[in-house]
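Below you'll find the structure, written out as structure tokens, and then a few comments.
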Amino acid sequence: MVYVTGFRCFKCNKLHLPEEIENKPIPRCSNCNSGLNVEYDYASIRNSLLTDSFKRGSPSHWKYWPFLPVRDLSKIITMNEGGTPLLENQSLTDEIGCKRLLIKYEAMNPTGSFKDRGSSLEITKALENEKKQVVVASTGNMGASIAAYAAYAGLDCTVFIPNIVGLSKIMQIKAYGAEIQYVEGDYAVAMNLAEEYVLARK
């Protein structure tokens, strides 16, 4: 984590050092169990980005690696996510009344979703921390994306899905070889069961 200075709790504002968080099975605040936000050394990032080579480089997700909490760049798992096109919609531009409107077309990502950007990072972190299995709760797109990237990286994947998920997403998740755990309930129930599953195997 070259540019990461710490992890701050969304709820109570407690700051955690990277080494406190790195190997937790579920990275949460030690004080209130809330989620954490990564904090960076932005001055150093600015110096690394304001270069001619960076400005000339092709658009891609990992072009912006200084903003990602990754320590070992040799572990990067990517399927060329990011760099998706900006499409102009003149009729919508006219309707809104703005000068120009560009729409980011994220369906060009490997599994057809913007979730692939996060999945690339999350599976990279799993490899960096020498994990063999990843577990996620999802209502569709995230499960498919994590399953795809886990398969690409050679990791086992388990997806907890609530009973509202459509058949097409279930088939997509299965196509990538993930194990599916069906949940009677909504996403919150699926997430709690996924966390319990992880903690029971740590």
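The values are calculated or read from the model by the stated rules, or taken from the named source; none is laboratory data. The structure presented is a predicted model; accordingly, all values stated were derived computationally and were not measured. Neighbour counts are summed over all protein chains in view; Cβ atoms, including those assigned to glycine, are modelled from backbone coordinates with ideal geometry. Quick note on the areas: whole protein, heavy atoms, side chains included, nothing else; ligands and nucleic acids left out. Shrake-Rupley method; radii C 1.70, N 1.55, O 1.52, S 1.80 Å.
Points worth noting:
- Antiparallel DSSP beta bridges within the chain, as percent of all bridges there, nearest 5: 50
- Total lysine pairs under 27 Å (Cα atoms) in segment 4-113, excluding pairs fewer than 8 apart on one chain: 9
- Gaussian network model of the chain, springs between alpha carbon atoms under 10 Å - residue of ARG56, ARG46, ARG71 with greatest fluctuation: ARG56
- Evaluated at q = 0.17 Å⁻¹: base-10 log I(q)/I(0), Debye formula over Cα of the chain: -1.27
- Taking the accessible area of the chain, probe 1.4 Å, and keeping the other protein chains in place, the carbon and sulfur fraction comes to 52%.
- A Förster radius of 45 Å combined with the Cβ-Cβ distance from SER91 to ALA175 puts the calculated FRET efficiency at roughly 0.80.
- Theoretical FRET efficiency, 1/(1+(r/R0)^6), r = Cβ-Cβ of THR139 and ILE103, R0 30 Å, to 0.05: 0.80
- Summary value for the chain: 15 percent relative contact order, contacts being C-alpha pairs under 8 angstrom separated by 6+ residues.
- Cross-link partners of LYS169 among lysines (Cα-Cα below 21 Å; sequence separation of 8 or more within a chain): LYS115
- Of all the options ILE45, ILE173, ILE103, the one that moves most in a Gaussian network model of the chain with Cα springs shorter than 10 angstrom is ILE103.
- Cleavage-rule hits (trypsin sites (Lys or Arg not before Pro)) in segment 102-163: DSSP loop, at most 11 neighbouring Cβ within 10 angstrom: LYS132
- Stretchable slack from LYS14 to PHE54, in nm (0.36 nm times residue separation minus alpha-carbon distance): 11.0 nm
- Extension gain, TYR152-SER168: 0.36 nm per intervening residue step, less the Cα-Cα distance, totals 3.7 nm.
- Solvent exposure of the chain as accessible area per residue, Å², 1.4 Å probe: 58
- Each distinct pair of alpha carbons in segment 152-202 adds a 1/r term; the inverse of their mean, the Kirkwood radius, is 11.7 Å.
- Selected from GLU20, GLU179, GLU88 as most flexible by GNM, with the chain as the system and alpha-carbon contacts under 10 Å: GLU88
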